[in-house]
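This report refers to the structure that appears directly beneath it.
The values are calculated or read from the model by the stated rules, or taken from the named source; none is laboratory data. Fair warning: this is a prediction, and the values are worked out from it, not measured in the lab. Counting neighbours? That spans all protein chains shown, and the Cβs are built from the backbone with ideal geometry, glycine included.
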Amino acid sequence: MFNNFMLMAADGMNGLISTGESILGWAQRLGLIGAAIAFCIGGYFLMFGGDRGRGRSVGWFLGGAVGLIVVMGAYGIATGIDSNIKFSN
C-alpha cells in the first residue's frame, strides 16, 4: 500500500516538473520577444530621440538586458534545484 502511494506521488511530481519546464520554456520565448521589442524601442529613442533620446534609450536597453538575463537564468536555477533536491527514494 505504502509503495503504491509513493509511486503515485512520484508520478505526480514528474508531471509537476514537466509542467514547470514547459511554463519556463514559454516564459523564455516571451522574454526573448520582449527583450527584442525593448531593444528596438531603445534604438528608436537613441536614433530619433533628440537631446534626451540617449538617456531614455539606456533605460530600455538595461531593462531588456536584465529581463533577458532573469528569464534565461530561471531554467538554470530550476534545473539546479531539481538536481539537488529529490522527492523520491
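Here are some notes:
- Of all residues making up the range 48-89, the number that are over 17 Å from Leu30 (Cα atoms) and touching a residue at least 24 places away in the same chain (Cβ under 8 Å): 5
- For the range 34-57, the set of residues classified as more than 15 Å from Leu68 (Cβ to Cβ), surrounded by 17 or more Cβ atoms within 10 Å (Cβ to Cβ) and out of contact with any Lys or Arg (no Cβ under 9 Å at 6 or more places or on another chain) consists of Ser57 only.
- Test: residue in the range 40-55 that is in contact with a helix residue (DSSP H, G or I) (Cβ under 7 Å, 6 or more places away or on another chain), in a helix (DSSP H, G or I), modelled with pLDDT of 90 or more and aliphatic (A, V, I, L, M): yes
- Leading residue by the ranking (modelled with the highest pLDDT) among those in the range 63-81 that are surrounded by 15 or more Cβ atoms within 10 Å (Cβ to Cβ) and farther than 15 Å from Ile37 by Cβ: Met72
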